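Below: one structure, written as structure tokens.
The values are calculated or read from the model by the stated rules, or taken from the named source; none is laboratory data. Since this is a predicted model, take the numbers as computed values, not measurements. FYI the Cβ positions are ideal-geometry reconstructions off the backbone, even for glycines, and counts take in every protein chain you see.
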Amino acid sequence: MKKLTIAAIAASMMATAIPASADLAIPLLSYRTGPYAPNGIPYADGVEDYISMINARDGGVGGEMLKILPCETAYNTTKGVECYEATKGEGALVYFPLSTGITYQLIPKATADNIPIHSMGYGRTSAANGKVFSHVFNFPGTYWDAASIIVKHMMDVENGSLEGKKIALVYHNSAYGKEPIRTLQELSAKHGFELVLLPVDHPGQEQKSTWLQVRKEKPDFVTMWGWGVMNQVAISEAASIRYPMDRFIGVWWSASENDVLPAGDKSHGYKAIAMNRPGTDFGVYRDIQKHVLDAGNAAGAGDQVGSVLYSRGVLNAAYLVESIRTAQKIHGVADITPGMMRDGMENLKIDQARWTEMGFENFTSEINVSCENHGGPGLGAIQQWDANSGTWSLITDFVGSDRAVVDALIEEDSSAYAAENNIADQCS
Amino acid sequence: MFFLLDPFFYEIVISGLLAGVMYALVALGFVLIFKASGIFNFAQGVLALFAALTLVGFQTGQIPFAHLLSVFGFHVSHWGSGFPTIIALLFSLLVMIGLAWLIVQIVLKPLVNQEGIILFMATIGLAYVLEGVGDLMWGANVKELNVGLPEGPSEFILDTTDMFIDKLEISAAVVAIILVTVLTLFSAYTKMGRALRAVADDHQAALSVGISLETIWWIVWSVSGIVALVAGVMWGAKSGVQFSLSLIALKALPVLMLGGFTSIPGAIIGGLIIGLGEKLFEFYIGPMIGGATENWFAYMLALIFLLFRPQGLFGEKIIERV
């Protein structure tokens, strides 16, 4: 009996030491704990449920099952880097840490290790220049696209001119929050509006002085680059000083149900930029319901399905799955390497017909990544919160950013990075 | 004196004082435990979070550990529409008292007569354990908290003075005044209050005259849990109940440095000075130096006070004769 037990233990140790199959490994650097968990959980659930659905419905991609390597970062940059080091040796195909701080740290490491990063709408904006940042992708849009599209919407509200107007940026006092400043300064010079900068320290639980500054400055619009509790407090404070909600526009990371629900009815009319349509009336949701939720395999409690951040997680996973498919086609092998995954991401093309096949009919914009352009089309739509029905709805079409301004800034910033790090043109 | 003519000056003074009351509410919990047991309770912020999570759970009829139960095949998340607020508050109070008993039995009792630093380290562990248990019990999503307190700007103040003063913060100030009065009277004029102070002075001497250390600690952690519930309600009503609520403890530290770790009125006065100072500095000086000064300015203000009064404004002066 004793020998049998020892043999069983030895066998189980062998089983854990040797991979059971050559599954395609996708590390999921998520945060289900800590102060930013309310945002990290739905995003991670969306990613996991979509990948579970692909495994259950299609048997993986090209016959290869997808395997998630979960690692908890608690939105902590140091832990994020530890997660990267702990998982990269397991065949990690791509990293998407949902943190600008972690992304900044991983850019040189992942590039040296030939592993791509997908910082979808976050991270270093100038990484959109693939000539410099060969392994970083931030499609379908960047912070600078978002800033420009928000300003475009303000112009539409003001009948085409922002001359003499005042716009306040309430931002998380971090690398993330500071990203749009440069673009807004350029747009301020171009359109003649005054820009007022109002930083809020982490975590943003107390913002009384910030909103008194808003009262004093009387801006025509407020835009927000917030995350976590900062968003909820800002919306509550704005409501407390009766700032008109339809003139308060958040970036896509200040655009979830979590941000508006604590303020109750007072958040009615709040606007934010969106990467995709809200709601669950899409084929992909029906497939997730059928193959994952009904089968009792939901990643979390199943209560996040259809929320803004869950949908974004699903979208992120869909881009990655389609990139794997593209990489398999390019290289003619199913069991791709991280380097091949990079090629797949760089050649990712999804038109509306393909989105529809994938179950995302009119869900988001088409995409056509290239060696030079890792930032995607840079489109966004404005969504507005209806507190009565508890739903977001799009109030504009998907529109593009001011390419003249955004592209020039990307070129300027990425060129400086290339010069500092002796990086030659990666596309020539 | 240009700022006296600024129409925003009076509003920022009032807002700063009211914010200070909110900080003081958190600081009070620290003071109570430190005063009675000499322990700096690192877990005070998490206690506030846990209390608020529990209250919302009872209010909304959430089943604790629902996610854990689903692993074993029980897919239930709510048992009904929840308790009315007053019943939910009472049950939350009982939970905090029960939690205090558990903390004393499991964490503190085995550490009687140990160095203060060991007890402090134990509360660090307690903070992380409680945060994890709170997550498992109630989930990590943002929860709306409504206990029926008035919210939004006071119409009367707005009409008469053109100032936006939030009714929730006025309510917090009233609650804090009541709490401080009750706690001060309890500490100074009741037998139990005197016993608490005796334990704080010397554990062994208190034991030798028949004071039960275990009971005293249970009482003080229960009172501190109740204060945490009040702080959790006030802060949670503002921003929703979520895990960042535990970080409000950071706002209490400069208040404690300034007001002293052993004085209940000190926590209030310290809170008011910090709230007022940081708001005035952020509003008038902040824009000149890039803003976001509130976090560090509060500590700077406290450090300046420490230069002149190392024991804080109302702290007990420690004199050790050699």
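Output the residues belonging to the range A:217-234 that are among the acidic types (D, E) and either buried (at least 24 other Cβ atoms within 10 Å of the Cβ) or touching a His at 6+ places or on another chain (Cβ under 7 Å) (or both).
Selection gives nothing.
Pairs under 6 Å by beta carbon, first residue without any contact (Cβ under 8 Å) to a residue 12 or more places away in the chain in the range A:194-211, partner aromatic (F, W, Y), six or more apart or different chains?
A:S209/B:F283
Name the residue that is nearest to the other protein chains (Cβ to nearest Cβ), counting only residues in the range A:285-341 that are among the basic types (K, R) and in contact with a Gly (Cβ under 7 Å, 6 or more places away or on another chain).
Among them, the one singled out is A:R312.
Being in a helix (DSSP H, G or I) and more than 7 Å from every other protein chain (Cβ to nearest Cβ) is the filter; apply it to the range B:236-250 and report the residue that is surrounded by the most Cβ atoms within 10 Å (Cβ to Cβ).
It comes out as B:L245.
Residue under question is A:G359, and the condition is that it be assigned by TED's automatic domain parsing to the domain that holds A:G130, touching a helix residue (DSSP H, G or I) at 6+ places or on another chain (Cβ under 6 Å) and surrounded by 23 or more Cβ atoms within 10 Å (Cβ to Cβ); does it hold?
no
Kindly indicate the residue of the range A:236-270 that is of a type in the set (V, I, T) and touching a strand residue (DSSP E or B) at 6+ places or on another chain (Cβ under 6 Å) and also farthest from the other protein chains (Cβ to nearest Cβ) among those meeting that condition.
Among residues in the range A:236-270 that are of a type in the set (V, I, T) and touching a strand residue (DSSP E or B) at 6+ places or on another chain (Cβ under 6 Å), the one farthest from the other protein chains (Cβ to nearest Cβ) is A:I249.
Check off (1) part of a helix (DSSP H, G or I); (2) surrounded by fewer than 24 Cβ atoms within 10 Å (Cβ to Cβ); (3) more than 12 Å from chain A (Cβ to nearest Cβ) for B:F261 and give me the number that stays unchecked.
(1)
If only one of B:G277, B:G290 is in a helix (DSSP H, G or I) and either within 12 Å of another protein chain (Cβ to nearest Cβ) or in contact with a Phe, Trp or Tyr (Cβ under 9 Å, 6 or more places away or on another chain) (or both), which one is it?
One residue alone meets the criteria, B:G277.
Please note which helices (runs of 4 or more DSSP H) are completely contained in the range B:136-223 and include at least 2 residues that are in contact with a Gly (Cβ under 7 Å, 6 or more places away or on another chain) and either crowded, with 18+ Cβ neighbours inside 10 Å or within 14 Å of chain A (Cβ to nearest Cβ) (or both).
By residue number, B:167-189.
Being facing chain B (nearest Cβ under 10 Å), assigned to a loop (DSSP other than H, G, I, E, B) and within 26 Å of A:R32 (Cα to Cα): is that true of A:P278 here?
no
Restricting attention to the range A:183-211, and to residues there that are touching a strand residue (DSSP E or B) at 6+ places or on another chain (Cβ under 7 Å) and closer than 18 Å to B:F8 by Cβ, which single residue is nearest to the other protein chains (Cβ to nearest Cβ)?
A:L198
Quick one: would you say A:G141 is more than 19 Å from A:P108 (Cβ to Cβ), surrounded by fewer than 22 Cβ atoms within 10 Å (Cβ to Cβ) and not hydrophobic (A, V, I, L, M, F, W, C)?
no
Give the residues of the range A:214-244 that are free of Cβ contacts under 8 Å to residues at least 40 places away in the same chain and under 26 Å from B:D6 (Cβ atoms), sorted by residue number.
Across the range A:214-244, the qualifying residues are A:R215, A:K216, A:V233, A:S236, A:E237, A:A238, A:A239, A:S240, A:I241, A:R242, A:Y243, A:P244.
From A:V229, A:V214, A:V233, grab the single residue that is at pLDDT 90 or above, under 14 Å from B:G291 (Cβ atoms) and within 14 Å of another protein chain (Cβ to nearest Cβ).
Selected residue: A:V214, the only one of A:V229, A:V214, A:V233 that is at pLDDT 90 or above, under 14 Å from B:G291 (Cβ atoms) and within 14 Å of another protein chain (Cβ to nearest Cβ).
Need at least 2 residues that are within 30 Å of B:A198 (Cβ to Cβ) per element, so show me which helices (runs of 4 or more DSSP H) inside the range B:1-115 make the cut, counting only ones lying wholly within it.
Counting at least 2 such residues, we get B:9-37, B:44-60, B:85-103.
Condition first: of a type outside the set (A, V, I, L, M) and surrounded by 17 or more Cβ atoms within 10 Å (Cβ to Cβ). Now tell me which residues in the range A:159-173 satisfy that.
A:K165, A:Y171, A:H172, A:N173
For the range A:139-242, list the helices (runs of 4 or more DSSP H) that sit wholly inside it and hold at least 2 residues that are more than 23 Å from A:D259 (Cα to Cα) and within 24 Å of the chain's Cα centre (by Cα); which are they?
A:181-191
Which one is nearest to the chain's Cα centre (by Cα) among residues in the range A:364-381 that are surrounded by fewer than 24 Cβ atoms within 10 Å (Cβ to Cβ), of a type outside the set (S, T, Y) and part of a loop (DSSP other than H, G, I, E, B)?
Among them, the one singled out is A:P377.
Suppose we keep only residues that are buried (at least 24 other Cβ atoms within 10 Å of the Cβ), without any contact (Cβ under 8 Å) to a residue 24 or more places away in the chain and among the small types (G, A, S) within the range A:104-138. Which one would you say is farthest from A:P27 (Cα to Cα)?
Among those that are buried (at least 24 other Cβ atoms within 10 Å of the Cβ), without any contact (Cβ under 8 Å) to a residue 24 or more places away in the chain and among the small types (G, A, S), it is A:G123.
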